[in-house]
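The values are calculated or read from the model by the stated rules, or taken from the named source; none is laboratory data. Model, not experiment: these values are computed from the prediction. Counting neighbours? That spans all protein chains shown, and the Cβs are built from the backbone with ideal geometry, glycine included. The protein model used for the area step is the full one, side chains on, heavy atoms only, and it has no ligands, DNA or RNA in it. Shrake-Rupley method; radii C 1.70, N 1.55, O 1.52, S 1.80 Å.
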Amino acid sequence: MSIQWFPGHMAKAKREAQEKLKIIDVVIELVDARIPLSSRNPVIDELAKNKPRLMLLNKADLADPKRTEQWMSYFKEKGFAVLEINAQKGTGVRKVPEVVLDLAQPLIEKMKRKGMNPRAVRALILGIPNVGKSTIINRLAKKKIAKIGDKPGVTKAQQWIKVGQEMELLDTPGILWPKFNDEAVGFRLALTGAIKEEIFDFQETTVFLLKFLKENYPERLMERYGLEDIPEEMVQLYDQIGRKRGCLMGGGLIDYDRVAEILFREFRSGMLGRISLEAPN
Ligand SMILES: Nc1nc2c(ncn2[C@@H]2O[C@H](COP(=O)(O)OP(=O)(O)OP(=O)(O)O)[C@@H](O)[C@H]2O)c(=O)[nH]1
């Protein structure tokens with residue numbers, strides 16, 4: 001996803017999601033379990049109001065299990081059905097159709113009362129770029145659905161994917177833009193790969209990460225970089241990691257760019273363990 005989000009794109013995305021939602025019974029929202037709020041777009045609350053909703057905390061394999069549990073309770077209290085999943089491996093995905101059908105039960109009952117033959121329940125996946133929408137659609141479809149990019153002038157008919165006997169899923173997800181209202185949100189989106197590298201300041205993002213790890217997961221830093229303690233000053237922490245990893249320039253000076261690259265890469269690839277960058281409240 002290389003789109004840069006300008007007001008025009010946002011309005012278009014909202015309109016498209018709105019259009020899709022007209023024919024939808026249950027809304028499935030996909031967020032990144034490491035940053036469930038930063039990877040949501042609040043516009044969805046307005047778009048999907050009055051519809052039963054399932055919240056999927058995806059990439060749960062990368063998130064801190066303790067935090068994920070807290071987030072599950074958080075969203076349940078807000079009236080969502082919630083599942084934690086790993087769309088890549090398929091963990092938890094089996095439960096999705098079950099929960100969707102449960103959520104649609106009142107609708108099915110209503111159809112029956114009206115003497116109608118209940119049709120399949122229609123669901124749509126909605127989320128910001130890179131949260132795993134295509135991955136889960138392919139999982140639920142049990143085959144690879146080709147990605148259809150934007151092709152001007154080509155209108156694609158709505159395609160439904162059958163998921164079991166009683167559920168149908170729209171084959172293209174609804175894409176919403178990430179939030180840009182707060183610097184910390186931007187850092188979290190950058191660290192988890194939701195926004196393109198070119199549009200964030202690499203050094204600032206890494207400082208944010210290191211500060212966060214220092215406060216929330218100091219033992220992971222100590223373990224990964226062989227530190228005996230965590231120094232008070234950030235610059236000393238950079239120095240210690242740099243020295244341990246041999247990131248030196250001439251004259252024994254620490255190469256901070258290399259330290260930042262190591263931290264960023266090792267966080268992204270899960271080498272620092274399962275880490276959530278956000279906690280409820
Ligand atoms: N570790 C992990 N990676 C995942 C999971 N789900 C998806 N991914 C990876 O996340 C990346 C993005 O997945 P996509 O399915 O392309 O995401 P998308 O939301 O369709 O992205 P856009 O097309 O940009 O809107 C891919 O590299 C996936 O392999 C998961 O549960 N765990």
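Here are a few things to note about the model shown:
- Scanning the range 161-191 for residues that are loosely packed, with under 15 Cβ neighbours inside 10 Å and under 22 Å from VAL96 (Cβ atoms) gives LYS162, GLY164, GLN165.
- Check on ALA33, without any contact (Cβ under 8 Å) to a residue 60 or more places away in the chain and near the ligand (Cβ under 10 Å from one of its atoms): no
- Sole exception among (1) within 16 Å of the ligand (Cβ to nearest atom); (2) charged (D, E, K, R); (3) farther than 19 Å from ILE175 by Cα for LYS66, by number: (1)
- The range 1-37 - residue that is of a type in the set (Gly, Ala, Ser) and touching a Lys or Arg at 6+ places or on another chain (Cβ under 9 Å) and, of those, surrounded by the most Cβ atoms within 10 Å (Cβ to Cβ): ALA33
- Scope the range 14-30; condition out of contact with any helix residue (DSSP H, G or I) (no Cβ under 9 Å at 6 or more places or on another chain) and either in a helix (DSSP H, G or I) or under 16 Å from VAL185 (Cβ atoms) (or both); matching residues: ARG15, GLU16, GLU19, LYS20
- Restricting the range 141-173 to residues that are over 19 Å from ILE23 (Cβ atoms) and of a type in the set (A, V, I, L, M, F, W, C), the residue that is modelled with the lowest pLDDT is VAL154.
- Assessment of the range 228-236 against the conditions (open to solvent by 30 Å² or more (accessible area, probe 1.4 Å), of a type in the set (Val, Ile, Thr), part of a helix (DSSP H, G or I) and closer than 18 Å to SER38 by Cβ) yields no matching residue.
- Matching residues in the range 103-119 - criterion: being on the phi < 0 side of the Ramachandran plot and part of a loop (DSSP other than H, G, I, E, B): ALA104, LYS114, MET116, ASN117, PRO118, ARG119
- Enumeration of residues in the range 44-53 that are open to solvent by less than 60 Å² (accessible area, probe 1.4 Å) and more than 16 Å from the ligand (Cβ to nearest atom): LEU47, ALA48, LYS51, PRO52, ARG53
- Of all residues in the range 123-148 being more than 8 Å from the ligand (Cβ to nearest atom) and surrounded by 17 or more Cβ atoms within 10 Å (Cβ to Cβ), the one that is farthest from ILE24 (Cα to Cα): ARG139
- Verdict on VAL96 being outside any loop (DSSP other than H, G, I, E, B) and within 16 Å of the ligand (Cβ to nearest atom): yes
- Taken together, the residues in the range 56-102 that are open to solvent by less than 10 Å² (accessible area, probe 1.4 Å), over 28 Å from MET271 (Cβ atoms) and without any contact (Cβ under 8 Å) to a residue 40 or more places away in the chain amount to 1.
- For the range 192-227, the set of residues classified as loosely packed, with under 13 Cβ neighbours inside 10 Å and under 25 Å from GLY246 (Cβ atoms) consists of GLU197, GLN203, GLU219, GLU223, GLY226, listed by residue number.
- Test: ILE28 is among the hydrophobic types (A, V, I, L, M, F, W, C) and at pLDDT 95 or above: yes
- Being modelled with pLDDT of 95 or more and on the phi < 0 side of the Ramachandran plot is a description that does not apply to LEU176.
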